Amino acid sequence: MTGRDSVDGLWAPQALRIANKVQESTDVFSFELELEQSFDIRPGQFNMLYAFGKGEVPISMSAGPPTTTRLVHTIRNVGKITTDICAREPGEEIELRGPFGNTWPLESALGGDVVIVAGGIGLAPMRPVIQALLANLEQYRRISVVCGARSPYELIFREDVEEWSARRDLDFHATVDIAPRGWTGTVGVVTSVIEQLSFEPQRTTVMTCGPEIMMRFTADAFCDRGVPAESIFLSMERNMKCAVGFCGHCMYGPHIICRDGPVFRYSRLRDLLHIREL
Amino acid sequence: MSLRIEAAQLGHLLEVIRNAGYDLLGPTVRDGAIAIDRISQLSDLPQGITDEQEKGLYRLRTQASPSYFGFSAPAQTFRRFLQPPTQTIFWASRDTPGGPLRMRSGSNVDSKLAFIGVKACDLAAIGVHDVVFGCDPNPQRPAADPLIKDQLYGMRRENLLIIATECGQAGSTCFCASMNTGPEIEAGYDLRITEFVDGEHWMLIDAGSEQGDTLLSHLAGRPASEDDLTTREQLLERTRRSMGRSLDTRNLPQQLARSFDSPAWEDIAERCLSCANCTLSCPTCFCTDIEDATDITGRTAIRTQRWDSCFNKEISWLHGGQVRKSTASRYRQWLTHKLSTWHDQFGSSGCVGCGRCITWCPVGIDITEEAARLTAGTEASS
Ligand code: SF4
Ligand code: SF4
Ligand code: FES
């Protein structure tokens, strides 16, 4: 940023070339973006992806651990901005600015049990965490992953899921609300799976991402099993425009989600999650 | 050091400021209200004018006193000059679809601004915005990321010259004394003026910065005497006693934090029109919307930033619906943010006690009354 005429660096998107595109489900796509210079983004953080003249959407990084050559984002096609982005093909570019927000507590979880609970597309921000855990297995005790979706068709990252379920060093569960013939995983909500997990409550870190209501039931289920609320982490979502705490869109009671989150300890959210229309 | 000057010297001060290359803005009468606009000469200031303010009422009156600053919170604030209601963030263009983006800034900051007639509450509000936009000259706590600051705000703020004025009388919707922001002005100014009309028409001027010192050196006056300083103390005491409103702030943030389920919000919602007048009149409100659009060729995109309000429905848009659908939830967001959660987010109250939201609410909702009612409720129940 020199001269008075330059665009505020906070707002200027940079263009990254799409190296690869993967269709994860009917309306979810992953984009691998090529990086020319290093981009220091960590699991939990997000970028604002820009659709020319249409607007921006906050999207978490969805694969890691971060490498210097690729940045991955997984997007669900739900509105005019995401439709624009999801229509792009390898060779084209995606403009984005970031990274923003805080990170999942991979470090404070060291040495203990870790449980990951993801619902639907909430698996996207969790995948880099799972990958980081698997890359450093010896530094953690037991690692469990519960992955919920409405139906198997909405389960994303199929290849990863298959690989994870085959591993003996990972306690992996996929569960769906509605199971078609041939589904071999569990049927039911994630909380029913949580009841069967083994972990040592006082030494466990829980990280969950998904619909708010699912995260709340998940957090309560772990509290019931004796995990302290300080050790349960949720990733919150609200409307975002600036991503740096200036525009007031993502306020959530005492928190500014883009600036203080998106990852929060349940102890900081428990009293808020039951308040309607916050 | 305080300087005592004749009121007539004020015209000279305005000239010195303008000659120093500043764009001078201050209170002036427009459409029956005190607005903030360009000040070219002494006669632009609202001399001999005072105001009456009450719930949903604002009226100007002439008064016998020749004072220049004899009114309380002006209808407008200085906010628009540091954070304009609409500003272009960037223009982006590409020559071919999918081709590289060329970016250009949409707003330039090329003038140096000077504000005159900044009341204690409005000065405090500028301090509040400094914190919000990452431009606090003396951060109370380490910023999450010291590099994150609003550049356009910062550029305007950096060169800003502030001539603050202490109030000789409070309005009936004022409660700065409760919010600890006035009527005394202690810091944050380049020059501070206290105006007196007591047979003579004179002013005490203090410099609060080097620029202030330089400006002061151009004025003819004499060092203030002990008596003059006592007169100022008395004036401030009178102002303090004439505050039309008050708010008990002890434990207020904590009590309000427990009020989210109170039935009182529904009761307020029966009256509130969700018109956003309160947020537009408030000097500390800062929410903005970002709008992206293209021109007709589709090759040039523009990003615009506009004042937004927690009373607008789009602000809480999420997954195809609004989070804050009801008026009750929006009013709750407004009041609890000002008086409670602002402390969590920025380390101070978000209300400076200017009373504008009381004056400009078309249905006369009074933040001090509602806060008192809400906390009386929590006290009883806890
Ligand atoms: S909330 Fe009302 S009284 Fe407080 S600073 Fe804003 S407008 Fe003034
Ligand atoms: S409190 Fe008054 S000014 Fe504010 S939105 Fe409601 S009706 Fe409008
Ligand atoms: S997105 Fe603007 S404050 Fe969080």
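Can A:GLU195 be described as among the charged types (D, E, K, R) and either outside the structural domain of A:GLY261 (by TED's automatic domain parsing) or at pLDDT below 95 (or both)? Against the criterion (among the charged types (D, E, K, R) and either outside the structural domain of A:GLY261 (by TED's automatic domain parsing) or at pLDDT below 95 (or both)), A:GLU195 qualifies. Remark: pairs (first residue in the stretch A:118-137, over 19 Å from A:PHE31 (Cβ atoms); second residue of a type in the set (Asp, Glu); Cβ separation under 9 Å; 6+ apart in sequence or on different chains) = A:ILE130/A:ASP160; A:LEU134/A:ASP169; A:LEU137/A:ASP169. Taken together, the residues in the stretch A:142-195 that are among the aliphatic types (A, V, I, L, M) and open to solvent by 40 Å² or more (accessible area, probe 1.4 Å) amount to 5. Count of the stretch B:3-27 residues, restricted to those that are under 30 Å from B:THR359 (Cβ atoms) and either assigned to a loop (DSSP other than H, G, I, E, B) or open to solvent by less than 20 Å² (accessible area, probe 1.4 Å) (or both), is 9.
Results for (1) surrounded by fewer than 21 Cβ atoms within 10 Å (Cβ to Cβ); (2) at pLDDT 95 or above; (3) in a helix (DSSP H, G or I); (4) not assigned by TED's automatic domain parsing to the domain that holds A:LEU234, shown as yes or no for each residue.
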| position | (1), (2), (3), (4) |
| --- | --- |
| A:ALA12 | yes, no, no, yes |
| A:LEU16 | no, no, no, yes |
| A:GLN23 | yes, yes, no, yes |
| A:ILE75 | no, yes, no, yes |
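Taking the stretch B:156-271 and the strands (runs of 3 or more DSSP E) fully enclosed by it, the elements with 2 or more residues that are acidic (Asp, Glu) are at B:191-198, B:200-207. If only residues of the stretch B:342-363 that are open to solvent by less than 40 Å² (accessible area, probe 1.4 Å) and more than 13 Å from ligand 1 (Cβ to nearest atom) are counted, the one that is farthest from B:GLU270 (Cα to Cα) is B:PHE346.
Just one residue in the set B:GLU314, B:GLU291 is within 16 Å of ligand 3 (Cβ to nearest atom), without any contact (Cβ under 8 Å) to a residue 24 or more places away in the chain and open to solvent by 10 Å² or more (accessible area, probe 1.4 Å); that residue is B:GLU291. Of all the criteria given as (1) within 24 Å of B:PRO100 (Cβ to Cβ); (2) more than 17 Å from the chain's Cα centre (by Cα), the one not satisfied by A:SER108 is (1).
Does at least one position in the stretch B:67-84 carry a residue that is at pLDDT below 95 and open to solvent by 50 Å² or more (accessible area, probe 1.4 Å)? No - not one qualifying residue is present in the stretch B:67-84.
Restricted to the stretch B:156-170, and to residues that are out of contact with any Lys or Arg (no Cβ under 8 Å at 6 or more places or on another chain) and open to solvent by 10 Å² or more (accessible area, probe 1.4 Å), which residue is nearest to B:THR249 (Cα to Cα)?
Of all residues in the stretch B:156-170, those out of contact with any Lys or Arg (no Cβ under 8 Å at 6 or more places or on another chain) come to B:156-158, B:162.
Now narrow it down to the ones that are open to solvent by 10 Å² or more (accessible area, probe 1.4 Å): B:156-158.
On the way: B:ARG156: 32, B:ARG157: 30, B:GLU158: 32 Å.
Ranking the candidates gives B:ARG157 first.
Let's see how each residue does on (1) open to solvent by 60 Å² or more (accessible area, probe 1.4 Å); (2) within 16 Å of ligand 1 (Cβ to nearest atom); (3) more than 14 Å from every other protein chain (Cβ to nearest Cβ):
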site	(1), (2), (3)
B:MET203	no, no, yes
B:SER209	no, no, yes
B:ARG222	yes, no, yes
B:THR230	yes, no, yes
B:LEU247	no, yes, yes
B:ARG299	yes, no, no
B:ILE302	no, no, no
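Total residues in the stretch A:87-106 satisfying the condition of being open to solvent by less than 50 Å² (accessible area, probe 1.4 Å), within 10 Å of chain B (Cβ to nearest Cβ) and of a type outside the set (Gly, Ala, Ser): the figure is 4.
From the list A:VAL189, A:VAL227, A:VAL263, A:VAL206, the one residue that fits, being away from ligand 2 (no atom under 16 Å from the Cβ) and at pLDDT below 95, is A:VAL189. Once the stretch B:103-121 is narrowed to residues that are part of a loop (DSSP other than H, G, I, E, B) and within 14 Å of another protein chain (Cβ to nearest Cβ), the residue that is surrounded by the fewest Cβ atoms within 10 Å (Cβ to Cβ) is B:ASP110. Just the residues that are outside any strand (DSSP E or B) and within 11 Å of another protein chain (Cβ to nearest Cβ), please, taken from the stretch B:274-295. Residues satisfying the conditions are B:THR279, B:CYS285, B:PHE286, B:CYS287, B:ASP295.
Considering every residue within the stretch B:340-347, establish whether at least one is at positive phi and away from ligand 3 (no atom under 15 Å from the Cβ).
We begin by selecting, within the stretch B:340-347, every residue at positive phi; these are B:347.
With the extra rule that they be away from ligand 3 (no atom under 15 Å from the Cβ), the set shrinks to B:347.
The answer is yes; a qualifying residue exists.
Here A:GLN37, A:GLN45 are screened, and the one residue that is polar (S, T, N, Q) and free of Cβ contacts under 8 Å to residues at least 40 places away in the same chain is A:GLN37.
The values are calculated or read from the model by the stated rules, or taken from the named source; none is laboratory data. All values derive from a computational prediction rather than experimental measurement. All Cβ positions, glycine included, derive from the backbone under ideal geometry; neighbour counts span all protein chains shown. Heavy atoms of the whole protein, side chains included, go into the accessibility calculation; ligands, DNA and RNA do not. Shrake-Rupley method; radii C 1.70, N 1.55, O 1.52, S 1.80 Å.
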